[in-house]
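Bear in mind these aren't lab numbers, they're just calculated from the coordinates by the rules spelled out. Note that this is a predicted model, so its numbers are computed, not measured. Ideal geometry is used to build each Cβ from the backbone, glycine not excepted, and the neighbour counts take in all protein chains shown.
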DNA sequence: AAGCCGGTGTGATGAAAATCACACGAAATT
DNA sequence: AATTTCGTGTGATTTTCATCACACCGGCTT
């Protein structure tokens, strides 16, 4: 049981695989390390690799010509990406960047499709994840189409609270592990209006702004503002 | 070989199935008809049915409380919908409405999952479609996040030209089978600004506006405007 | 034919948010 | 310690677009 196999078993996709199967996959897999801000996948490029995060954090972003970027998703250990281009052979649909030093497991297209054929339940698991991502995408579309910046920010904070918030006496503590600019890109606005939107929510008494985190003091209020 | 089976074989998902298998599915399937504007799926409701269009046209929409709607997708015969709620048991993620009198094939959750287990290649096909939809969704997000109304309209017209445009001497003829309001909802704006955006594109010499269609006279120009 | 009505263009107004400009502080560099 | 750099708040200005208001047209009903 080497390092890869241990890593592989951690991935929900493969957690039901037998020792022997893991070994097969492990032989076809490699590990790569990326520095902070290093680009793992370039949008529009061809690529035929499947990635699963061992350690670190990546952001999935869309960007336009003049460098503006929109953060579609932030992925953590055990989550995977790069499967889309594998399924249909089309160019990468988004850019993926390491948000901190990150270690990923890389699978080739052949091995990926190989396993997919051998293990129908793998297909179902991936379908589930694709389904979840499609739902999220629809929600993002909805919020971009219907809500103003404050509403979208409220939604983002609620998401963050759900994924990494810690309940405290005075409310839910939401750590902000990114710059204001990145938070703005997550919400889909500019840094300046993000600042103002934060102040607005604070003046409504829903949140308290700290340097490195936000305390949500009135979750119901936030939800209502969405 | 009854009516259902013929219809089923038309669906790309099932086109490789044997006579016998089609029969099994057909026994579990029913056909439903919907009037124009009838709601087939209500967002947020629970549901455990899978639909495949036999004839007609449906629109997949997101809408907010006060009735504004955003058209995510328009589906035609042989395409399917309703699979998301089946995969994860969550509420419906969007509303689906018949755009014209429409006939659909309905499969129950059990039968759907049943077939999915028996036929791994079905899973792969569905993954492909989910993948394609995810790509489209990302494009929609991109355009909402980065482009102005004119750019989004240009993109929509290009899409429409690709899917149902007819090449002519003076350009590509794009039929508009929906009202201006619907086109606006497809672009993600209001009827009024859609009108103005159409005029803008026309005054740039990229398109010619007709009642029931638009002639794209300068595709390159349109693409540049995106 | 008169009248009604849904779909449509168009002008005026206002609100939201992008953009531009700059000041400030904290961390990093030398 | 001095200075550069980066992330950040904040004010002023401008742009885009939603909204409101209304006029117009073609097809309907009666």
Round to the nearest 0.05 the FRET efficiency obtained for residue B:217 and residue B:178 when R0 = 35 Å and r is the Cβ-Cβ distance.
0.95
Normalised per residue, the volume inside the convex hull of the alpha-carbon atoms of the protein assembly as shown in Å³ amounts to 168 Å³
If labels are modelled 7 Å from Cα along the Cβ direction, residue A:39 lies from its partners in the other copies at nm distances, smallest first, of 4.4
Measuring from the longest principal axis of the C-alpha atoms of chain A, the long axis of helix A:109-118 (C-alpha) lies at a number of degrees, nearest 10, equal to 80 degrees
With a 10 Å cut-off between alpha carbons and a GNM built on chain A, which of A:23, A:208, A:167 moves the most?
A:167
Shortest first and in nm, the label-point separations between residue B:101 and its counterparts in the other identical copies (7 Å out along Cα→Cβ) come to 6.9
Taking the radius of gyration and the Kirkwood hydrodynamic radius from Cα positions alone, what is the Rg/Rh ratio for segment A:84-214, to two decimal places?
1.06
Any idea what angle helix B:120-146 forms with the longest principal axis of chain B, computed on alpha-carbon atoms, 0 to 90 degrees, nearest 10?
20 degrees
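Given a cut-off of under 8 Å on Cα pairs at least six residues apart, what relative contact order in percent is computed for chain A?
Numbers: 368 pairs, mean separation 41.0, N = 226.
Contact order relative to length: 18 percent.
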Neighbouring Cβ atoms within 10 Å as the yardstick, rank B:38, B:83 fewest first.
B:38, B:83
Pairing the Cα long axis of helix B:19-28 with the longest principal axis of chain B, what angle in degrees results, from 0 to 90 and rounded to the nearest 10?
80 degrees
At 222 nm, what value in deg cm²/dmol follows for chain B if DSSP H runs of at least 4 each add -39500 (n - 2.57) and the sum is divided by all its residues, to the nearest 500?
-14500 deg cm²/dmol
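Counting alpha carbon pairs within less than 8 Å and at least 6 residues apart, what relative contact order, in whole percent, applies to segment B:34-148?
34 percent
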Given R₀ = 25 Å, FRET efficiency for residue A:90-residue A:117 by Cβ-Cβ distance, to 0.05?
0.75
Taking every residue of B:142-149, the Cβ atoms of other protein chains inside 10 Å of its Cβ average out to 5
Would you mind ranking A:52, A:163, B:164 by Cβ crowding within 10 Å, fewest neighbours first?
A:163, B:164, A:52
Globularity index of segment A:169-215, i.e. its alpha-carbon radius of gyration over 2.2 N^0.38 Å
1.11
Would you mind listing the distances between the residue B:168 label point and the same position in each other copy? Use 7 Å along Cα-to-C-beta, nm, one decimal, shortest first.
6.5
Among B:69, B:182, B:16, which one moves the most in a GNM of chain B with springs linking Cα atoms closer than 10 Å?
B:16
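Note the full-extension length gain between residue A:196 and residue A:163 as 0.36 nm times their separation in residues minus their Cα-Cα distance, in nm to one decimal.
So the chain would gain 9.5 nm between residue A:196 and residue A:163.
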